[in-house]
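Step one of this worksheet: look at the structure below.
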């Protein structure tokens, strides 16, 4: 037995024995990002129509955040904040920017993330992690410096371009630098209208469905990544396109929801594809996302990795206003004001649950104010990396149930709008395009639904918030703020004023 122990020890030192976990004691990391999933669309956040058992299970086994914020209120800038830890006053990508149009042969991609930006993937890769992005990217198309393979990800599979992701039955996805042709390479537009309902579900199915449902392929790729890297620390960024419209889901999932929900067909009048059962389809998409999460959790269990993996689920912004989504029916933002595109709470406050066995106490809830810019420093600390220079703060003390000082300010800007949260106070500007610098002020402690503008009652707070907005904003040549970064001419009572 003595000699056997010596041999086993020597083999282990030489790497001849398979590893059973992270070689440096680092946890695996699975970050799951939903697309346009609203704060109130998950069971553990109060949703009672849409079934999300796997996300709810994660909340039971971990921590639920009640005041977590996305990086922005639309897709690309939110993902930029997440990956770089810089809020939109400093980030390179501050709005959606398109490299092409809707035609089949138009160039793919959005504004590319510059090469010099430091991403979560690069930080973790330097710590010995295998890294993968599976799903929707939106920060650079093919053959750009923004391609995920150029931003720290060893492996990519999914949609490089956000526009292509509007169709769940696309002609192709991307595996690293190569096109993966699916659905026989057939292209059709994800934005169509019809003047009257089609005669049957089968007619909708034959017109708008195809054989390869992209989320299924991406789910399988993510599961395979976990399987292939079970003997080393890994970071999986799983950016599902669900539930971003168009409304497209397998019919067996749609039929699981009541027929009586849908008395009218959606004809495409708010863009994207028509659908005969819009409410059921939307609910089915979210449940399908939940099933994808369940598949990832099952694979962690099969590989014996669940106890060594931190799993995070969140969303890139609030519920959409487009594509036939009935946000009132589902109470998608609960009591919060605004939707996707808005800097009110319903546009930027998003669900987040975190499971990390042995570190995050099960069934806990926190009111700690946090945002996407905090994810990079948190995961860097989890992996043992040196602190990264960014706008975020590590949430590790909160995750471990320790006292943590209240976070610093939260800031957003996009298009012609700005918003800032400082503790109980939320300041919002919406009129920059018209030359209006006025600030709305809300007391989130007493008015989380932002129903009452109290700016006139607290002029000193408004003055301070205006100063902070100026301090947190760095001018951008690509994404400038009107009135602030450049003068605009506005029409007032028939006269021109600047």
If I ask for residues that are within 9 Å of residue 284 (Cβ to Cβ) and either touching a residue at least 40 places away in the same chain (Cβ under 8 Å) or in a loop (DSSP other than H, G, I, E, B) (or both), which ones from region 248-268 would you list? 249, 250, 251, 255, 256, 257
For region 368-388, which residues satisfy the criterion of being more than 20 Å from the chain's Cα centre (by Cα) and in contact (Cβ under 8 Å) with a residue 24 or more places away in the chain? 382, 383, 384, 385, 388
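Hey, any hits in region 80-103 for a residue that's more than 27 Å from residue 347 (Cβ to Cβ) and in a loop (DSSP other than H, G, I, E, B)?
Yes, region 80-103 contains a residue that is more than 27 Å from residue 347 (Cβ to Cβ) and in a loop (DSSP other than H, G, I, E, B).
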Check off (1) within 20 Å of residue 310 (Cβ to Cβ); (2) assigned to a strand (DSSP E or B) for residue 413 and give me the number that stays unchecked. (1)
Please go through region 328-350 and pick out each residue that is out of contact with any strand residue (DSSP E or B) (no Cβ under 6 Å at 6 or more places or on another chain) and closer than 16 Å to residue 242 by Cβ. 330, 332, 340
Any residue at all in region 152-168 that's farther than 17 Å from residue 111 by Cα and out of contact with any helix residue (DSSP H, G or I) (no Cβ under 9 Å at 6 or more places or on another chain)? yes
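Go through region 132-145 and give me each residue that's in contact with a strand residue (DSSP E or B) (Cβ under 8 Å, 6 or more places away or on another chain) and assigned to a loop (DSSP other than H, G, I, E, B). Give the derivation first.
We begin by selecting, within region 132-145, every residue in contact with a strand residue (DSSP E or B) (Cβ under 8 Å, 6 or more places away or on another chain); these are 132-142.
137, 138, 139, 140, 141, 142, listed by residue number.
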Among strands (runs of 3 or more DSSP E) entirely within region 417-466, at least 2 residues that are modelled with pLDDT under 95 and in the same structural domain as residue 334 (by TED's automatic domain parsing) occur in none
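The values are calculated or read from the model by the stated rules, or taken from the named source; none is laboratory data. These numbers were taken from a predicted model, which means no experiment stands behind them. Don't worry about glycine lacking a Cβ; one is built from the backbone with ideal geometry, like all the others, and counts go over all protein chains shown.
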